[in-house]
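The values are calculated or read from the model by the stated rules, or taken from the named source; none is laboratory data. Computed from a predicted structure; not experimentally measured. For neighbour counting, all protein chains shown are included, and Cβ atoms are generated from backbone atoms with ideal geometry for every residue, glycine included.
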Amino acid sequence: MPGQPGTPPDSDGLVERQLDVLRTTYPAWEIHFLTDGPSVGRWTAELRRPLTPQMVAAGVRQRIASPDAVTLASALAHQASLIHNRRSRHWVG
């Protein structure tokens, strides 16, 4: 069934290791690998907390989808910097 969580046939466990690294590095995000077919998959992340208007204005997104783990990691790093910068500006004062 399309869009189901899972992993493709992966004899060396790469997808599971990538999931583990992403989930450990970005605990504020619910991260999944979804299979859309025998050899087609996508990576998704959803922020575990609601967005505030300030976060939306800063460019923080509730959900991210990427074709691979590396692209998702890059997008999550960018989102983390947006969240961190928003907090830094909020605390200065």
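Brief remarks on what is shown
- Long-range neighbours under 7 Å by Cβ, at least six apart or interchain, first residue within 14 Å of Tyr26 (Cβ to Cβ) within the stretch 56-75, second assigned to a helix (DSSP H, G or I) and β-branched (Val, Ile, Thr): Val60/Ile83
- Scanning the stretch 36-93 for residues that are modelled with pLDDT under 90, among the hydrophobic types (A, V, I, L, M, F, W, C) and not in a helix (DSSP H, G or I), we see that the one that is nearest to Leu22 (Cα to Cα) is Val40.
- Check on Thr24, loosely packed, with under 13 Cβ neighbours inside 10 Å, at pLDDT 95 or above and not in a strand (DSSP E or B): yes
- Residues within the stretch 28-45 that are touching a Lys or Arg at 6+ places or on another chain (Cβ under 8 Å) and either closer than 13 Å to Ile83 by Cβ or surrounded by 15 or more Cβ atoms within 10 Å (Cβ to Cβ) (or both), tallied: 7
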